[in-house]
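The values are calculated or read from the model by the stated rules, or taken from the named source; none is laboratory data. From a predicted model like this one, the values you see are computed outputs, not experimental measurements. Please note: Cβ atoms are built from the backbone with ideal geometry, for glycine as well, and neighbour counts cover all protein chains shown. To get the accessible areas, we keep the full protein, side chains included, count just its heavy atoms, and leave off ligands, DNA and RNA. Shrake-Rupley method; radii C 1.70, N 1.55, O 1.52, S 1.80 Å.
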Amino acid sequence: MTFKITAKDNDSVARCGIIQTDHGAIETPIFMPVGTVGSVKGIYHKDLKDDIKAQIILGNTYHLYLRPGLEILKQAGGLHKFSSWDKPILTDSGGYQVFSLAENRKLSTDGCTFRSHIDGSKHTFTPENNVDTQRIIGADIIMALDECCPGDADRKYAEKSLKLTQSWLERCVKQFNHTEPLYGYNQSFFPIVQGCIYPDLRREAAEQAASLNRDGYAIGGLSVGESTEMMYEMIEVVHPILPIDKPRYLMGVGTPANILEGIARGIDMFDCVMPTRNGRNGMIFTWEGMINIRNKKWSDDFSLVDQNGTSFVDKQYTKAYLRHLFIAGEMLAAQIASEHNLAFYLEVIRTAREHIMMGDFVKWKNKVVKKLETKI
RNA sequence: GUGGAUGUAGUUCAGCUGGUUAGAGCACCAGAUUGUGGUUCUGGGUGUCGUGGGUUCGAAUCCCAUCAUCCACC
């Protein structure tokens, strides 16, 4: 994998670039739709490519490991072939899922033991077997196994947590260096910078990550309970430490406004469940703001879902109809909302790239952020 | 026509022998959701207790009438 910076903003550290992988190029900044089990919920690959214009999607080690399991993925020849997605894939290690989903999780220096949310069975992720697992899934970019420290963790906990993440990181890198990709194309390994909301811990984590000389770097453990301001501050803290010529990935973020603020602080990659999960719950993102399409006020609004939208659903369906589908519990509702939101996210980030190239990103960002954050 | 049963929130119902501001599930209305469990969580009662009288300090609850629906029988 290579990364080439192609443009820089005039008034911020925002930049445009191209990540080249064996499954094709990715223009950055980029938003990566989340496809937990090898599927972006409710969306055909065809729409993901042609309508939404996704350039890379996420898969999840935790989920794929539990279902369909490594044996099937290996037989299938990896996730690309299994799911018939031929563009880049990034897999999250599952550190976050163990933190957010699994029952009875136990962390030790060796790894983390947890119970499956599906059948209660007991499993252990170690840095070594987690890298092996992501080799089997076969993503283009694989992530370090980490502990996602809660945003409100106290200093003592955060220190202990970071120590664990750092020791796991070293072992992940070692395992990655000692193993080969299984399916004939290259894989890159991204460390994850933790450190909770403590600047010195973040710096320490970023320094260790930078010293490993990888293809890209992730910032994790944000948007997990801390304030938005604190999140931006932590990005700024690690910014000068991470290698400037490598992509930075802010994990799990966020709203369109969060993403633009992240770009202004040098972030190149984002992923978030919000456009899809919140979409399934009736939240629609637009340039005018966020709307809850379930609200009664839309019941007789026969205007288009999004007048300025780029997706085919925006021009085909009305707000009143979409609300009706939600209230009636139709699965088409979730599909339309997801399709629209993802297309919108990709459009926002595409427009951001344009403004970086023109050099007026900050000015533009400051103008649109307020609107993006309003509720209508 | 006769006999019986039932009428309480949008809906299905709970409210014992009379006792503060009539409750529950679902639905509905609103809010939350940030490295996805097709979720989950939080808040809101939206009611002339079929109607009209009566008994009582006090009635969804007891009595009378009436209306509606259902069942059985002629």
Quiz prompt | Cβ-based charge dipole, the range A:290-376, positive-most Cα from A:Ser299, A:Ser338, A:Ala328 | solution = A:Ser299
Exercise. Quantify, in whole percent, the carbon and sulfur part of the accessible surface of chain A (1.4 Å probe; protein heavy atoms only).
Key: 50
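Which value, in Å², gives the accessible area per residue of chain A when a 1.4 Å probe is used on the protein heavy atoms? Walk me through the numbers on the way to the answer.
On the way: 15750 Å² over 376 residues.
Heavy-atom SASA per residue in chain A reads 42 Å².
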Quiz prompt | About the Cα centre, charge dipole magnitude for the range A:225-264 (Lys/Arg +1, Asp/Glu -1 at Cβ), debye | solution = 200
Quiz item: Once you sort the root eigenvalues of the Cα gyration tensor of the range A:1-159 as a ≥ b ≥ c, which label holds: rounded (a/c under 1.5), prolate (a/b larger than b/c) or oblate (the other case)?
Solution: oblate
Quiz item: Considering only protein heavy atoms, what is the solvent-accessible area of A:Thr310 at a probe of 1.4 Å, reported in Å² to the nearest 10?
Solution: 70
Quiz item: Along its principal axes, what span do the Cα atoms of chain A show, with the longest given first and each in whole Å?
Solution: 58, 48, 42
Quiz item: When only Cα pairs under 8 Å and 6 or more residues apart are kept, what is the percent relative contact order across chain A?
Solution: 19
Self-check item: Mean Cα-pair separation over length for the range A:275-376, i.e. relative contact order, pairs under 8 Å, 6 or more apart, %
Solution: 36
Self-check item: Whole-Hz ³J(HN,Hα) from phi, Karplus 6.51 cos²θ - 1.76 cosθ + 1.60, for the range A:264-274, glycine and proline x
Solution: 4, 9, x, 7, 10, 9, 9, 9, 6, 7, 4
